[in-house]
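Worksheet: one structure, shown below.
FYI, it's all coordinate maths here, none of it is from the lab. Computed from a predicted structure; not experimentally measured. Cβ coordinates were reconstructed from backbone atoms using ideal geometry, including for glycine residues, and neighbour counts include every protein chain displayed.
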Amino acid sequence: MHDLGFEHMHMTPEQEAEMANTIWAQDNVELTTVGVDVGSSTSHLMFAKVHLQRLSEGHSSRFVVVNREVLWRSPILLTPYRPDYTIDSDELKAFFEGAFREAGLRPDDIDTGAVILTGEALKRVNARAIADLFAEESGKFVCASAGHHLEAVMAAHGSGAVALSRAEHKTVLNVDIGGGTVKLALAHGGRLLATSAFAVGGRLVAFDAADRMERIEGPAEQVAADIGLTLKMGEALPAADRKALVKRMVQVICAYANRKPDDPLCKALSLVEMLPQTPAIDAVTFSGGVSEFIYGRETEDHDDLGLDLANELRHQLGHKTVPYPVYDPGQGIRATVVGASQFTVQVSGNTIFISEPENLPIRNVPVARLDVDLTGDFTAVQVTESIRAALERLDMVEGEDRLALAFNWGGDPLHARLHALASGICAGLPKTVADAAHPLITVMDGDAGRTLGNILSRELGVKGEVISIDNVHLHEFDFIDLGEVIKATKVVPLIIKSLLFATPAV
């Protein structure tokens, strides 16, 4: 049975093992990643090991995360502020360097990562200096500045509320209570429906060792004025006044959670539009620093109003002021990214459209994914509205922020259909179309990238650079790097970096 009639070779056990490892490596990627969060009240980071695996269907180039393991979590640091109202980046740097040492890792051990700036941290005049702490790792790291909508979305995913809504087939309201703001996110069946935010938080007032007020934010003064109080730096806050201030803040939280923020103070503290009145809410979850007190995981007072807010909110929940069942989604103050995944795909230069290849490479372009069905009949107006909704959801400013539009494409690649798509894109990105400051980048999972690019560039007169990529599937929370065209093969390397949460994101 072994006589094949021609010369042949057998592999040694070592060669067989090496081949098995090579085959495994082609379809599996293991990364060490770090997630860094700098917020209004607290800062922290965590390291994780991520296993990505190539999808098995066909010859897919897409990898998905099949396992994530948190390796080490840092202590929670109260975000350090200087007297001149700036964040102390030197103290943050020392904290981050100490975290690497305690975790037994070096920067060279990190394959990729994510830095998230949220809340009051974005308002500080040296917020850029914080992001620049990781500038040397710019090829590895993505940096996201999360405004109110995006922070609400990330908190809902990071807390586990979105996954809970999918697993339980319920409509879940996630209430993320941080130091300076409360973010609301409504999720149903694993999908985010709406977000909102208002200016109430646990660290709007902070106290020194002698229990005198050493920090008073504007929204706290608004709440105090509403109940006839005056807050003064360096003075104590009497117990009765403190209780009244906290009670009024919690009344605002409950009014928003019940989707009835009708009184003047609620409206004055509003930061974005209110949540819609439908669908009906089945359950409520909490995340953010104050949630640690709500769920009993933290009991130590941090010289602010966080513990007081939690106690009063627990009291109101017990009296059904907010009538929904309360679930614990699993993550509280650490409802943020645990890092980022990263993998490379090759896209054919023969099927995509790049108007100015000499401008490549480009790095760390955030993805805005369109929630519109392009497999059947659609209109340009629907595409435009979907773009505007995506930009609002992700706190992107059209014409100012560089971005990549991602969408599913299906159906016949007729010119009329692609022209409607292109027209909708142009109407949704008018400043980008009229100005050459940023390239117009589209990424579809269908097979019409070159045609769409030609329509945008040559028929609809986009003034700047046009990049249209096809046969790539992207999600929100993705960032892309587009490398130079490899002339010998006409292939373009595309690196996809995705923010990762403690629980799987939708």
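Along the Cα-to-Cβ line of residue 84, 7 Å from the Cα, sits a label point; which residues in segment 212-227 have backbone N less than 13 Å from it? Those under the cut-off are none; the list is empty. The peptide list 426-437, 284-295, put in order of mean Cβ contacts within 10 Å with the highest first, becomes 284-295, 426-437.
Where nothing but the Cβ of Lys and Arg (+1) and of Asp and Glu (-1) is charged, how large is the charge dipole of segment 136-240 around its Cα centre, in debye to the nearest 20?
Working: 9 positive and 12 negative charges, 98 e Å.
With only Lys, Arg, Asp and Glu charged at Cβ, the dipole is about 460 debye.
Of all DSSP beta bridges in the chain, what percent run antiparallel (nearest 5)? Mind showing how you got there, number by number?
Numbers: 65 of 95 bridges.
Percent antiparallel among DSSP bridges in the chain is about 70.
Look at (1) 28.8; (2) 24.7; (3) 23.3: the one that is Kirkwood radius over Cα pairs in Å derived from this structure is (2). Dipole orientation for the chain: of the candidates 204, 222, 295, 222 has the Cα lying most toward the positive pole (charges on Cβ; Lys, Arg +1; Asp, Glu -1). Think of the chain as a dipole: +1 on every Lys or Arg Cβ, -1 on every Asp or Glu Cβ, centred on the Cα centre; then among 449, 425, 341, 425 lies furthest on the positive end. The angle separating the long axis of helix 415-428 from the principal Cα axis of greatest extent in the chain is about 30 degrees.
Could you size up the charge dipole of segment 215-320 around its Cα centre, putting +1 on the beta carbon of Lys and Arg and -1 on that of Asp and Glu, and report it in debye to the nearest 20? In debye, rounded to 20, segment 215-320 gives about 380. Can you flag which of 260/431; 243/320; 140/487; 183/320; 93/247; 183/247 are past 27 Å Cα-Cα? Violating the 27 Å Cα-Cα cut-off are 260/431; 93/247. About its Cα centre, the chain has a charge dipole of approximately 1160 debye under the convention of +1 per Lys or Arg Cβ and -1 per Asp or Glu Cβ, with nothing else charged.
Provide the packing ranking of 305-314, 171-180, 72-81, i.e. peptides ordered by the mean count of other C-beta atoms within 10 Å per residue, highest first. Walk me through the numbers on the way to the answer.
On the way: 305-314: 22.0, 171-180: 27.0, 72-81: 16.8.
Highest-to-lowest ranking by the protection proxy: 171-180, 305-314, 72-81.
3J(HN,Hα) along segment 306-317, derived from phi through the Karplus expression 6.51 cos²θ - 1.76 cosθ + 1.60 where θ = phi - 60°, amounts to x, 5, 4, 4, 5, 5, 5, 5, 4, 4, 5, 5 Hz, with x in place of Gly and Pro. Of the peptides 232-240, 249-257, the ranking by mean beta-carbon count within 10 Å, highest at the top, reads 249-257, 232-240.
Measuring nothing but how far apart in sequence close Cα pairs (under 8 Å, 6+ apart) lie, relative to its length, segment 161-327 scores a relative contact order of 26 percent. What FRET efficiency would be calculated for the residue pair residue 427, residue 64, taking the C-beta separation as r and a Förster radius of 41 Å, to the nearest 0.05? Computed FRET efficiency for residue 427 and residue 64 comes out at 0.75.
Normalised by the residues of the chain, what does the relative contact order come to in percent, with Cα pairs under 8 Å and at least six apart? Can you show the working numbers first?
On the way: 1069 pairs, mean separation 74.2, N = 506.
Dividing the mean separation by the residue count of the chain yields 15 percent.
Segment residue 311..residue 30, full-extension length gain: 96.9 nm, with 0.36 nm per residue of separation and the alpha-carbon distance subtracted.
Ellipticity at 222 nm from helices only: DSSP H runs of n ≥ 4 in the chain, each -39500 (n - 2.57), divided by the residue count, give -8500 deg cm²/dmol.
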